[in-house]
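First up is the structure itself, then whatever we jot down about it.
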Amino acid sequence: MDPITSTEALAAACERLSRHDFVTVDTEFLRETTFWPKLCVIQVASVDEAIIIDALAEGLDLAPFFALMGNEKVKKVFHAGRQDIEIVWHLAEIIPHPVFDTQVAAMVLGYGDSISYDQLVQRITGHAIDKSSRFTDWSRRPLSQAQLTYAVADVTHLRDVYKKLMEDLESRGRADWMGEEMNILTSPSTYRQDPETAYERLKSRVRKPRELAVLAEVAAWREREAQARDLPRGRIIKDEVIGEIAVQQPQTAEKLAELRSLPKGFERSRYGEAVLEAVKKGVARDPKTLPRIERDKPLPNGAAATVELLKVLLRMTAEQNAVAAKVIATTDDLERIAVDDEAPVPALSGWRRELFGERALALKAGRLALAVDRGKVIAVERD
């Protein structure tokens, strides 16, 4: 199969693909040396055909592909599609819609947590995918026959996987369960890279509001710099260094030079000057504008034991209903439910409440008990 390299051929292919109820989609990209993913190859398939798009072809306009991604009449099927959707969002500022993620569907149907594509294909179709081309350089041209074969397999097997999962979702009355997960996957807020909130991704040992303010300012500077220069964040300055700067708060080149985590001479560089400006800005912030430090509060006496019971109930519920436990509730959800019957967590709304949340509250209230019957944990309703 030859890749599509012209806009005319791409437009014709996307017009054919748009006649179908769904298409399967995958991308191959590089990100090791850039902030934004470098799109190299796009694969799309309908029930009738599969195409490979050479996204790096000179003069190729991807507008027909983006139009297909925004076509509301065609469902776009991905596996673990967050990064694929992020690429479309970054290049075209649109979110593919409607979408279906087979990894999420597999979790809803009990295939396990975050199952890989090749494992899911093996379990559903019996086909073993050759993974040897997965980590090849997709930016090199020409693409090898092995790469093309691998690329096509990523979307042709996905058609069968999608059909089987949809059939199972409908037969088990779980098609609506996918809605909430897909809403998150197709929300622009999921993909926005806001420099002002970049600090929220960092794990640091800051303990004071002023330290957090400096952390936020330095992280925001790095985010803007990384985006503007299209470099990985760590190439600008590493996470742990930002944390140290936030604690030490150096405001002169001499003080900055004392930080052992920075390379020699950093304080005299353009980056060094920018970091010092960010530190000064953080230190000078009005205390009323400082971000709040969210501290983990210890669970009240007895709540820890309740959490452990809820974990047992969750695992039992997941096994009985063939749903991945992490899709139903997280440990944080359980801790919040343990101390608050009206905790604003996903586990207490929608299908999750029906499946697990109501039983969790009943267990807390003593209306439900856990017992072991023939080696298995069971729930017993109490009067």
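Observations, loosely collected:
- For the chain, leaving out every one of the GluC sites (Glu not before Pro) that falls in a DSSP loop and has at most 16 other Cβ atoms within 10 Å, the longest unbroken run is 94-257.
- For the range 64-167, applying the loop criterion from DSSP together with a ceiling of 13 other beta carbons within 10 Å to the chymotrypsin sites (Phe, Trp or Tyr not before Pro) yields F135.
- Size estimate for the range 4-58 follows the Kirkwood approach: the inverse of mean 1/r over distinct Cα pairs works out to 12.1 Å.
- Rolling a 1.4 Å probe over the protein heavy atoms of the chain, with every protein chain left in place, gives an accessible area that is 47 percent carbon and sulfur.
- Average Cα contact separation per residue, the range 7-190, under 8 Å, 6 or more apart, as relative contact order %: 23
- Close amide H pairs (under 5 Å, H built 1.01 Å from N) link L370 with V380, residues at least 5 positions away or on another chain.
- Estimated distance in nm for a label pair at K280 and T149, the labels positioned 7 Å out from Cα along Cα-to-Cβ: 6.2
- Length-normalised contact order for the range 1-108 - Cα pairs under 8 Å, 6+ apart - percent: 28
- Calculated [222 nm] ellipticity per residue, helices only, for the chain: -13500 deg cm²/dmol; basis is -39500 (n - 2.57) per DSSP H run with n ≥ 4, divided by all residues, nearest 500.
- Charged-residue dipole, Cβ positions (Lys, Arg, Asp, Glu), the chain about Cα centre, Debye nearest 20: 1340
- Separation of the E258 and H20 label points, Cα + 7 Å toward Cβ, nm: 6.5
- 5 angstrom amide H check on R134, placed H, neighbours 5+ away: none
- Separation of the alpha carbons by more than 18 angstrom is noted, of K203/K238; K75/K163; K76/K163; K238/K264; K208/K281; K131/K163, for K131/K163.
- Note on the range 96-130 and the range 143-215: Cα centroid distance 13 Å, given to the nearest whole angstrom.
- Amide H within-cut-off set for K75, under 5 Å, with H built and near neighbours excluded: F22, V23
- Gain upon complete extension [Q248, Q320; 0.36 nm per residue less C-alpha separation]: 20.7 nm
- Screening the chain for whole DSSP H helices with an alpha carbon extent of at least 24 angstrom along the helix axis and a mean Kyte-Doolittle hydropathy of at least 0.0 yields 303-321.
- The Rg/Rh ratio for the range 7-190 is 0.94, where Rg is the radius of gyration of the alpha carbons and Rh is the Kirkwood radius.
- Largest first, the extents of the alpha carbon coordinates of the chain on the three principal axes equal 73, 66, 35 Å.
- Annotation for the range 230-272: trypsin sites (Lys or Arg not before Pro) lying in DSSP loop with at most 10 further Cβ atoms inside 10 Å of their Cβ are R260, K264.
- Fully extended contour minus Cα-Cα distance, from S114 to V377, at 0.36 nm per residue: 92.2 nm
- Karplus-based coupling profile of the range 368-383, in residue order and whole Hz: 9, 10, 10, 9, 10, 10, 6, x, 10, 6, 10, 9, 10, 6, 10, 6, with θ = phi - 60° in 6.51 cos²θ - 1.76 cosθ + 1.60 and x standing for Gly or Pro.
- For the range 239-383, relative contact order (Cα pairs under 8 Å, six or more residues apart, normalised by length) works out to 14 percent.
The values are calculated or read from the model by the stated rules, or taken from the named source; none is laboratory data. Quick caveat, the model's predicted, so the values are computed rather than measured. All Cβ positions, even for glycine, are placed from backbone atoms using ideal geometry, and neighbour counts span all protein chains on display. In case anyone asks, the SASA skips ligands and DNA or RNA and just uses the protein heavy atoms, side chains included. Shrake-Rupley method; radii C 1.70, N 1.55, O 1.52, S 1.80 Å.
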